[in-house]
């Protein structure tokens, strides 16, 4: 999986490419910190993400928990297959999804 | 019966009688009074007139003329004025004596007095009418002074100034009721010189007349009262009393809405023996009530009978419906075809039927038939036809053979001359090869994979049971996986709307092609909906029967692929690659592929993390992919501790981010996205099978 991070002041944008699964989730978790700790606005761009499993959902959930305390988190460009997983797991109600 | 008061017949009739009697008696009184008065008046007038004529005839005209001429002089007038002032007749007597006229006067006076007495007249007098003045000449009731006095001529008498005859009149004045007549006195030259007036007293007559009128009135009133009482009593006796009795009694008979309440005992029984219309009415009502009771008793019997027949028909309809295969899907274990059929009978039991059954593991027999006629006869015939066809088919006969034999069997003793159109087909499911025979039935409709439904036209044989010995032709056809077949009865194409238009084959094909990919059940529903919409409120004339078959072809599977691998998260990519490779072979859609991928990951990671912890062990994955039907069956085996992940409680997916539990989400996604997930413990192994159709 390829992770592209863009930090603009306290605005953090993370673009994900490939598969966010059990193997790659720890990688995202590592890349996210420590930038997210001081961010006020975090955006996940999932345009090129084809796949997400529960391990990936865990990372997104922990990011959301952090951002709930200190700012805003947005998910954008979600493909239908991933949207389906968000739907099934109720994550559509937790995450702020912009499509 | 409620009290009618002023609207009751008694009151109306009695009132009417009272008014009629009143008018009649009053009219009679007035008429009698008038006739009487006229007759009396006429008599008096005649008498008076005759009296006047008699007097006039005997009065000396010349004497009268001399006297009149004298008293008309101014000199006499002066004398008379003086006499009037002196209040004595002597001056006048002297004046008349001087001129030798007093004798004239006394003679005339004596004569008038004599006539007055003889004629019993009130007044008899001589007068001369001259314009609006009349000069009194002689009046035996008056003093001499009266002679020469002037009087205003009464109004209306001015025209008689020429001392001519005047018809007698009855009048009322200060002198009382009088009948007066005037007749001219003629002198020797034949000139009218004066008139004689005769007044006859009518006061007694008039009093008599008043009494007569009063008597008449009293009589009329008495007559009225008596006749009213009599008629009222008579009316009551002969009409109103029996009528109210009748009315009350009939109300008693008909005061219930309950039909069972009309009993023989309740028929009216009244003491009415008269032979008049009321008697007739009473007898008619009795007869009518008798008929009502009889009719209702009959109706009750008929209704009960009808209900019994209705109940039996319902059972018959149920038996008939039960005879047709009605449980869908009929062969749930088979994936190579899908079949659905419906029959809506127009009446309680119908003459249409569909049928389908497996002749052996590989042969499906389908029949669609329509018996001529409707109702019970058609349904009985249908039962026989259906049974015979099925028996023959199960003996292994071919469609043409079946129809040939069934035809001969049905023709035997078919006195009712019913016949049945049949489409019969046997399909070899492993190859899709079909053989059909069509005995006068509607053209079947076929749809090739991804195409449209189209009619298959070929020549039909005559209907079954029309004629013994008919040879039926067979027709081969080929079904390929994805093809569909639709058969129906004329109830579909001949469904009629209120404008008498037929549904027709084109509308049927349009309905089929609305969604040609629909499964047979939805397909038949589409046609049914279109028929209902087309027909609207028009009644259903014929049974509507349809059967749809979708042929999917025999089951085909790819070779099963196995992977046994160390259960470690590091091997996840390898496992996913293995799954992807297998799914790609079957052209699995992206979405299903992603879902299956996630499921494989979740289960494999679960095994890797927990099955052997803290040690590691092997996981065996088997992927079995169906080409027809398209599905993936993936089996995971491990020899770890017994653990059924499906027993774990589902996470609450409605909770907020803060409250969310991290665990359990993976297996939850698997359960939600796969068609089925099954766990079993087998030979000390955890076996988890997921299934997904695509």
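Tabulated results
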| item | result |
| --- | --- |
| Relative packing of B:663-670, B:313-320, which averages over residues the other C-beta atoms within 10 Å, highest first | B:663-670, B:313-320 |
| 0 to 90° range, to nearest 10: angle between helix B:61-71 axis and chain B longest Cα axis | 90 degrees |
| Whether the range B:572-623 is rounded, prolate or oblate, judged on the alpha carbon gyration tensor where a/c under 1.5 counts as rounded | prolate |
| Convex hull volume per residue for the range A:6-80, taking Cα atoms only, in Å³ | 77 Å³ |
| Relative contact order (%) - chain A, alpha-carbon pairs under 8 angstrom, separation at least six | 27 percent |
| Sorted by Cβ neighbour density within 10 Å, fewest at the top, the residues B:659, A:87 | B:659, A:87 |
| Peptide A:91-97 - average C-beta neighbours from other chains (10 Å radius) | 3 |
| The range B:556-587 and the range B:437-468: distance between their alpha carbon centers, rounded to Å | 48 Å |
| Shape call, the protein assembly as shown: gyration tensor on alpha carbons, a/c limit 1.5 | prolate |
| Cα gyration tensor shape for the range B:556-693, rounded if a/c is under 1.5, else prolate or oblate | oblate |
| Proxy reagent accessibility, fewest Cβ within 10 Å first, across B:149, B:372 | B:149, B:372 |
| Alpha-carbon centroid distance for the pair the range B:197-243 / the range B:381-426, whole angstrom | 102 Å |
| Sequence ranges B:563-572, B:523-532, ranked by mean other-Cβ count within 10 angstrom, highest first | B:523-532, B:563-572 |
| Neighbour-count ranking [beta-carbon atoms within 10 angstrom, fewest first] of B:48, B:654, B:215 | B:654, B:215, B:48 |
| Neighbouring partner chain Cβ atoms per residue of B:588-600, average, 10 Å criterion | 4 |
| FRET efficiency, 1/(1 + (r/R0)^6) with R0 45 Å, evaluated for residue B:500 and residue B:468 via beta carbons | 0.75 |
| Rounded to 10°, Cα long-axis angle of helix B:520-535 versus longest principal axis of chain B | 20 degrees |
| The range A:1-69 and the range B:342-379: distance between their alpha carbon centers, rounded to Å | 65 Å |
| Partner chain coverage, peptide A:48-61 - average Cβ within 10 angstrom | 5 |
| Chain B: calculated mean residue ellipticity at 222 nm from DSSP helix runs of at least 4, using -39500 (n - 2.57) | -14500 deg cm²/dmol |
| C-alpha long axis of helix B:399-411 to longest principal axis of chain B, angle in ° | 40 degrees |
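Any read-out appearing in this document is the output of simple, stated calculations on the displayed coordinates, not a laboratory observation. Quantities reported herein were computed from a predicted structural model and do not represent experimental measurements. Methodologically, a virtual Cβ is constructed for each residue, glycine included, from the backbone with ideal geometry; neighbour enumeration extends over all protein chains shown.
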